[in-house]
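Below is one structure, written out as structure tokens; the observations come after it.
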Amino acid sequence: MEKDLTIGLIVKPQGIRGEVKVKPYTDGAESFRGLKRVFLDGEEVKILSVRFGADAVFLGLKGVPDRNAAELLRGKELTIPREEAPDPGEGSYYIADLLGAEVVSEEGERLGVLKEIRPAASDIYFLERDGKELLFPAVKGVITDVDVSAGRITVCKKRFDEVVVE
């Protein structure tokens with residue numbers, strides 16, 4: 001397991017007072033509310049203010065006094081130590097914990113290794129199998145079990161075959 005979790009991407013400066021617009025990588029922007037600090041390129045930065053917009057979080061960060069300073073942060077990812085991350089809750093997982101997991105059918109057939117997850121209305125899972133890339137949406141009925149400690153995701157083969165794109 002990774003010791004740090006990436007929780008968002010700084011998209012652009014917001015306004016003239018150094019605020020930054022962040023695209024959250026979390027299930028909900030509200031998870032930013034309790035944070036006191038984040039890390040940028042391994043450097044700790046104190047959070048001074050948090051507010052929410054449509055699909056975005058706006059952060060005021062210590063040491064970022066104006067738009068010019070905020071512009072220098074464009075494209076940087078925000079991380080937090082795993083021990084400071086909230087429990088994802090029943091049936092939810094951190095993407096970092098799923099990457100590299102073996103995807104198998106309920107019958108035990110190996111379908112591939114999870115290489116990437118793209119968040120969307122229904123997350124898109126990217127598998128690698130025999131040098132080929134397979135994509136499937138993580139929709140109801142496809143994934144039947146997730147065992148993070150074993151590094152295994154079990155899917156219903158029938159549903160998987162209906163939605164997979166090669």
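No value in this document is a laboratory result; all are computed from the given coordinates. These numbers come from a predicted model, not from an experiment. Note that each Cβ is placed from the backbone with ideal geometry, even for glycine, and that neighbours are counted across all protein chains shown.
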Beta bridge orientation in the stretch 24-166: antiparallel %, DSSP, nearest 5
90
Residue-wise, which Karplus ³J(HN,Hα) couplings in Hz belong to the stretch 123-132, taking 6.51 cos²θ - 1.76 cosθ + 1.60, θ = phi - 60°, and x for glycine or proline?
3, 9, 9, 10, 10, 10, 9, 6, x, 9
Show me, for the stretch 41-47, the HN-Hα J-couplings you get by feeding each phi into the Karplus relation (A = 6.51, B = -1.76, C = 1.60, θ = phi - 60°), rounded to Hz, glycine and proline as x.
6, x, 9, 6, 10, 6, 8
Per residue, what volume in Å³ does the convex hull of the Cα atoms of the stretch 4-84 enclose?
79
Listed residues 148, 22, 57, most fluctuating in the chain (Gaussian network, C-alpha, under 10 Å):
148
Test of understanding: ordering 93, 25, 125 by Cβ neighbours within 10 Å, fewest first, what list do you get?
93, 25, 125
log10 I(q)/I(0), Debye, Cα-only the chain, no solvent, q = 0.19 Å⁻¹?
-1.12
Applying the gyration tensor rule to the Cα atoms of the stretch 93-166 (axes a ≥ b ≥ c; rounded if a/c under 1.5, else prolate if a/b exceeds b/c, else oblate), the class is rounded
Karplus ³J(HN,Hα) for the stretch 27-35 (6.51 cos²θ - 1.76 cosθ + 1.60, θ = phi - 60°; Hz, whole; x = Gly/Pro) runs 5, x, 5, 4, 5, 6, 4, x, 7
Exposure proxy order (Cβ contacts within 10 Å, fewest to most) of 87, 123
87, 123
If the elastic network links every pair of Cα atoms under 10 Å, which of 89, 100, 108 fluctuates the most in the Gaussian network model of the chain?
89
Between residue 41 and residue 55, with labels modelled 7 Å along Cα→Cβ, what's the label distance in nm to one decimal, could you check?
2.9
Please compute the length gained on full extension between residue 74 and residue 27, using 0.36 nm multiplied by the number of residues separating them and subtracting their Cα-Cα distance.
14.7 nm
Counted neighbours (other Cβ, 10 Å), sorted fewest up, put 107, 116, 44 in the order 107, 44, 116
Quick check: residue separation of residue 109 and residue 4 times 0.36 nm, minus the Cα distance between them. What number comes out in nm?
34.6 nm
